[in-house]
Protein chains: 6
Amino acid sequence: MNGFVLTEMTWPEVEDALKTARMAIIPVGAHEQHGPHMNESCDAVLATEMAKRLATALHPEVLVTPTVNMGVSPHHMNFPGTISLRPETLLALLRDMVESLKRHGITRVLFLNGHGGNQSTLGLACTSLTQELGVACYYAKTTAAAKKAMKEHIHSTLYGHSCEREVSEAFYLAPHLVRPERLEKGDIVSGGRWEALRPGNPIQGFYRYEEMTRNGCIGDATQASYEIGQAIVEEALEGLTAAVRELLAGPVETAPPTPEIA
Amino acid sequence: MNGFVLTEMTWPEVEDALKTARMAIIPVGAHEQHGPHMNESCDAVLATEMAKRLATALHPEVLVTPTVNMGVSPHHMNFPGTISLRPETLLALLRDMVESLKRHGITRVLFLNGHGGNQSTLGLACTSLTQELGVACYYAKTTAAAKKAMKEHIHSTLYGHSCEREVSEAFYLAPHLVRPERLEKGDIVSGGRWEALRPGNPIQGFYRYEEMTRNGCIGDATQASYEIGQAIVEEALEGLTAAVRELLAGPVETAPPTPEIA
Amino acid sequence: MNGFVLTEMTWPEVEDALKTARMAIIPVGAHEQHGPHMNESCDAVLATEMAKRLATALHPEVLVTPTVNMGVSPHHMNFPGTISLRPETLLALLRDMVESLKRHGITRVLFLNGHGGNQSTLGLACTSLTQELGVACYYAKTTAAAKKAMKEHIHSTLYGHSCEREVSEAFYLAPHLVRPERLEKGDIVSGGRWEALRPGNPIQGFYRYEEMTRNGCIGDATQASYEIGQAIVEEALEGLTAAVRELLAGPVETAPPTPEIA
Amino acid sequence: MNGFVLTEMTWPEVEDALKTARMAIIPVGAHEQHGPHMNESCDAVLATEMAKRLATALHPEVLVTPTVNMGVSPHHMNFPGTISLRPETLLALLRDMVESLKRHGITRVLFLNGHGGNQSTLGLACTSLTQELGVACYYAKTTAAAKKAMKEHIHSTLYGHSCEREVSEAFYLAPHLVRPERLEKGDIVSGGRWEALRPGNPIQGFYRYEEMTRNGCIGDATQASYEIGQAIVEEALEGLTAAVRELLAGPVETAPPTPEIA
Amino acid sequence: MNGFVLTEMTWPEVEDALKTARMAIIPVGAHEQHGPHMNESCDAVLATEMAKRLATALHPEVLVTPTVNMGVSPHHMNFPGTISLRPETLLALLRDMVESLKRHGITRVLFLNGHGGNQSTLGLACTSLTQELGVACYYAKTTAAAKKAMKEHIHSTLYGHSCEREVSEAFYLAPHLVRPERLEKGDIVSGGRWEALRPGNPIQGFYRYEEMTRNGCIGDATQASYEIGQAIVEEALEGLTAAVRELLAGPVETAPPTPEIA
Amino acid sequence: MNGFVLTEMTWPEVEDALKTARMAIIPVGAHEQHGPHMNESCDAVLATEMAKRLATALHPEVLVTPTVNMGVSPHHMNFPGTISLRPETLLALLRDMVESLKRHGITRVLFLNGHGGNQSTLGLACTSLTQELGVACYYAKTTAAAKKAMKEHIHSTLYGHSCEREVSEAFYLAPHLVRPERLEKGDIVSGGRWEALRPGNPIQGFYRYEEMTRNGCIGDATQASYEIGQAIVEEALEGLTAAVRELLAGPVETAPPTPEIA
């Protein structure tokens, strides 16, 4: 891969890269339990790997920053090892990163997110930072664009955490994250309050992950494979690449212009 | 209607109500442009009306608090009259309200929300306040539960703001919000950046409403009717009522229990 | 009444109003117990009604914003139903409102306040926001200007909360707030610590309302009447109208000019 | 004088004092212009002197802490040398002081204030800190209790800053603050916006001191004397002493008790 | 190496580790320019490597958390690529981490720091978090303990950033950080303001790194070697291991016990 | 002494002083226990005295502001009387002071610090305020420059708080701070955790002062003398004077210039 990755560069190399780079990609992950068969760093590692591949596809117009390797994970706190940031901490961290990037001339930022629990915070971050810093901020879930591959390969009705999708992505992108000999289906708690609160129901709210699953997984990780991962990741990268190209083609849109004061 | 509505009660009346009330409903709205045919208070008024009806249906187990009559609306700021709160201000306001309600013995709260731009903030509010205050917090978009009626009556591909859905709801719940003689279709800007950023696309981000629509509406308000409003509202109330009953049937779930310190 | 009231207007109507409007009036109330004979929304409703009447008198030079319908009421928290904001929450809310109004070209703001417990916070808000936002901010207690009528009609030595003054104002402005069949004198606790802390004594401080009155009222609401309300409200409106006209006649005064740096 | 003054004591001496001391007095001043005839430290010095005298009168039941020697003075910022704290900074400072005092067993605090511009902030501080820290907080303007002496000796209609009252107090308490050869009447700007905003008028708001007086004083300092100062200070001390004794006689009243959760 | 490293573990593995682990090591780095011959991730990578080795030496009594991979680097902001956190952001991040660890039963934390610019913030973090969270917090500069090796091998009078010490450490711990073919001496700006502000002078203060060095290095990286790195790292690890063992041998010391309230 | 001392000046006098003054000195102290033989105000008083002498030496180019008379002293909180500020409170206070001074045209500030526990916070303050306010901020420990005198006269291995150095400084600068008849050596707790955490050891961290010394002192105050104080103070003043002159000779250096945005 030949994308610009700031953690692997010296300042004169960054100086060169800034001549062509027009957007920074900030990988955003989490440090949280992923069941008995995945490392707790899963979301941070997958976001980083996706960011590097996206940077390669868009070279030399984007660069990858250091990874935000912890995220908003309060629902996982009762599983050993999870570390969770308050949303305001994540916001402060992103603000400082975007401010620093702006100092180097970057005017567009993409938060490439590997953890669903960060989405609300990233939405607010884009709204606030775009207006306050004058840098156009965007966010994307790493593989949400892979709709076709998901439909074809993912068959669980409840999935999205240490499931066949995520384990497949790891098989393809970072196999060291997986304990293949420990793969398990989600050990779902049926009849729980969580069922009423899932997306698509009339009401949402906070519930703890152990209310939903005893082993910390959902879906069926035993169905995961390298090939499924490849299909998902490559389709997602294609979608992301096209979407970023479109944003780079237009002008930088930031704060609404203030009307004249009478 | 005979629900408990705090703004219309004296303290001895509230004292009585608290003997049976087990959940507070906080209507959350916005003050923002709604095109040439709706008042700017639309979201606050509709949320209040929905809350009162829901309280009637669930009487005497819930009570309605004062309405949060402004919300997070930065994308509407370039239309005259819009007033927008920062997400942290809305969070602070909700925190104080929930803390006060807790002092009166309330242990469950539902944020009943009339404005899409508040959803991320309300999600974070539920997560934070449930854990920090030990009050179980939930949120719901007022009529999101009306899936059947929406499918049957709403035909625009892009809708959700001062459209046939919202104007119909107003015809049924609060007709004074509408200027029937001014009803207009959304005057959509085609080919704009917003098209790439709508929900369901690979990337999301902040855009200004006038990038998408010149008159501040989307969808087709000329298709709105009292009957459509009735169908949507009544189906939504049914769904919300059932969902709240289910939550009231279970125990109060708040902060994750802390494991023993070794 | 024909004043500009933002909650009842569409954006094209606001756009027109902004051609002549030079000041925004923000009604500020509270949600707190008002004894056995008044609704808890009393202060918010009365502030709103006063604002509308003041806007009519000053039409088309002012406009009324949404009402701040909760305030700083910690001293009432032991009476059922009271909801109290921390002063910093109220300040944040007012800041966002004034910032939004400034975006629409408003350069003068009046906080029209119905609740004594908000006065200190509003004073600080004026000082801070005038300097930080460059918008001239003022505050007024709704009927403090009615000195003559007060002297003539109010005979209790201790009054100011759900008393003959406030109930009279409600009879005139919003009679639905009152339970005429429940009118009571304040049930005063004599010999309490509060006596030493009332305004005019050497020392002030925080005390709880139930330290002073068992039923949550002071004064004598049984003496209230529509006529007294009319006398107070009309005198107050006259005073406020004249005072606002004087402020509108001068230049906008905001932050002190910074002296030249040597 | 033989009061307990923390700045002049060693820790074993404080340890002894804490056996009898039941209240701490925190002198609160300002650092701001006081016209051509008084030092800018005036309010801090006078508050300190009053606190020491009050501590002597109430010995051994109170102790005096270090002085808060700057305050909220934005209206004086255009006169050279003024240093102003934001209200939130003053609040943070007081919070830390009260928390520290609580650690040493103090359960009652009196903010003895020499500067009118601090009053709103001190009022909010008492409300917040009493509830949050469980320490009963009170505040008093140093000589506000001297009503009789004021009435007898002060004849300006507009006074209160570097006037005959304040200069007289300084002659009696700290004569080094005064330049007797430079005493001037306030050089008042007539017809200014400030006239509409003085206490007692329908509307209040922020104005700069130079809008009101060209030399930074009001009243008539040339009428000041040691004797007037003595009359004011001694009457005020008598009033304060009696008021504190009354508060010490009762129980410590702090946060409202929370009602039982059903 | 066989230490407990959270990023490489599943939750059941962490659950086992927590049976013996009594301290968490949080590696703290930076993302900042390191001259023309080192990657910008240098401090984060070296801190991580040191933490893993220390965890191996102290196995199974400690565990390593995810790395804080950005730090306080405002003095490097004029070199391309540097990303700097405000001290309050770093503090918030550490607070959330320590709170999360406490939930898992950890009562001692060591911030193992690779970047001098973080030291003040880490000192404050230890003071605040130890008291507020009841977790004993410590901090250490990664190789500060290697006094003997430093004295023997480092001969520059001005060193400490991308110099022979740091490059040697990288040769030994993470050689991919270095561009051996680009090694340069620091290109020092003589006669600058920075000379007056170095540690040991009467006055300190903020200066920009380019005021001191044109190429972003100090010292003489051309003198670096694997052997020097080995000597420094191994001596430092020995010192750190002994110091941690001593802390683990005693009781957990956190907030000062509050004296009895009289 | 004839330096400019703001607390002793009127505004016209300050106006004159600002014609030549180019730097403000802010004395920063503490209010904390100093053993059985020194007043708790020690650090604040000594910092003030040093500032006045430095202002005399540098007259008319500097001026002295009011003293920050409390500081960051959590480690002393278990000794009666100590009052401690949180670091963020001290930062807020300094920010407001520097902002006020900037309004008067001051572009350089020196925090002259008498208390070791403030050093980290002052370092952060210089970094933040220099960048955010565009005022060049510096800090210095009052007598750190007196290296020769220290070496000659101070013989304790552990000293720095109410020891022969500090008591000697007080004998020379402010003898009323000392109880000569109570002078004691530090009553050191041997074998404590503090020994591992002193500066120069591999690990640092927070410990309580009573873990180290039973009487609150270290060193040997019985060795103190006026002459030692004189030697230390005069050498320190000489060093500080020279250092300030050097800073005044150069340009004002504040925030790094932002590179051009491409």
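Read the figures in this text as sums done on the coordinates, not as results from a lab. The model shown is predicted, which means the values in this text are computed figures rather than measured ones. A quick note on method: Cβ atoms are made from the backbone with ideal geometry, for glycine too, and the neighbour counts reach across all protein chains shown.
Okay, helix-only estimate at 222 nm for chain D: each DSSP H run of n ≥ 4 adds -39500 (n - 2.57), divide by all residues, round to 500 deg cm²/dmol; what do you get?
Using -39500 (n - 2.57) per qualifying helix, the result is -12000 deg cm²/dmol.
Helix D:87-103: angle to the longest alpha-carbon principal axis of chain D, degrees 0 to 90, nearest 10?
On a 0 to 90 degree scale, this one is about 30.
What does DSSP give for the protein assembly as shown in terms of the percent of beta bridges that are antiparallel, rounded to the nearest 5?
Antiparallel bridges make up about 25 percent of those DSSP assigns within the protein assembly as shown.
Could you tell me which of the pairs D:Lys19/E:Lys102; A:Lys102/E:Lys141; E:Lys102/E:Lys141; A:Lys151/A:Lys185 are separated by over 26 angstrom between their Cα atoms in the structure shown?
As for pairs spanning more than 26 Å Cα to Cα, those are D:Lys19/E:Lys102; A:Lys102/E:Lys141.
Choose one answer from D:Val72, D:Val189, D:Val167: the residue with the largest mean-square fluctuation in a GNM of chain D with alpha-carbon springs under 10 Å.
Judging by the Gaussian network model, the answer is D:Val189.
Looking only at other chains, what is the average number of their beta-carbon atoms within 10 angstrom of each beta-carbon in C:173-179?
1
Could you work out which residue, out of F:Glu181, F:Glu227, F:Glu88, moves most in a Gaussian network model of chain F, that is, has the largest mean-square fluctuation with Cα springs under 10 Å?
F:Glu181
Could you let me know the centre-to-centre spacing of region D:175-198 and region E:63-106, using Cα atoms, in angstrom?
53 Å
For region B:4-249, just the Cα set please: Rg and Dmax, both in angstrom.
In Å, with Rg to one decimal and Dmax whole: 18.0, 59.
So, in Å, what gap is there between the alpha-carbon centers of region B:214-251 and region C:129-173?
Each part's Cα centre sits 41 Å from the other's.
By the 4.7 Å beta carbon criterion, which cysteine residues of chain E come out unpaired?
Cys with no partner Cβ under 4.7 Å: E:Cys42, E:Cys163, E:Cys217.
Taking every DSSP beta bridge with both residues inside region A:4-249, roughly what % is antiparallel (nearest 5)?
15 percent
If you count, for every residue in D:90-98, the Cβ atoms of partner chains within 10 Å of its Cβ, what is the mean?
5
Nearest 0.05, what FRET efficiency do F:Glu234 and F:Glu181 give at R0 = 35 Å with Cβ-Cβ as r?
With a Förster radius of 35 Å, E is 0.80.
Return one number: the angle in degrees, 0 to 90 and rounded to the nearest 10, between the long axis of the Cα atoms of helix B:164-173 and the longest principal axis of the Cα atoms of chain B.
50 degrees
With springs connecting C-alpha atoms under 10 Å apart, model chain C as a Gaussian network and identify which of C:Gly191, C:Gly35, C:Gly81 has the largest mean-square fluctuation.
C:Gly191
List the trypsin sites (Lys or Arg not before Pro) within region A:75-166 that fall in a DSSP loop (any state other than H, G, I, E or B) and whose Cβ has at most 14 other Cβ atoms within 10 Å. Show your work: numbers first, answer last.
Details: sites: A:Arg95, A:Lys102, A:Arg103, A:Arg108, A:Lys141, A:Lys147, A:Lys148, A:Lys151, A:Arg165; in loops: none.
Loop-located and lightly packed - none at all.
If you fit an axis through the alpha-carbon atoms of helix A:226-249 and take the longest principal axis of the Cα set of chain A, what angle between them do you get, 0 to 90°, nearest 10?
So the helix axis and the longest Cα principal axis differ by about 30 degrees.
Skipping prolines and chain starts, which residues have an amide H placed within reach, meaning under 5 Å, of the one on C:Val5, given they are 5 or more residues away or on another chain?
Correct list: C:Val64.
Shielding by partners for E:122-129, please: the mean number of other protein chain Cβ atoms within 10 Å of each residue's Cβ.
6
Set the Förster radius R0 to 45 Å, insert the Cβ-Cβ distance between D:His155 and F:Glu8 as r into 1/(1 + (r/R0)^6), and round the FRET efficiency to 0.05.
Efficiency computed from Cβ-Cβ geometry: 0.90.
Give me the dipole magnitude in Debye, nearest 20, for region B:4-249 about the Cα centre, with unit charges on the beta carbon: positive for Lys and Arg, negative for Asp and Glu.
480 debye
Would you kindly work out, in nm and rounded to one decimal, the distances from the label point of C:Asp187 to those of the same position in each other copy, ordered shortest first, with label points 7 Å along Cα-to-Cβ?
Spacings between copies for this position, smallest first, are 5.8, 5.8, 6.2, 6.2, 8.5 nm.
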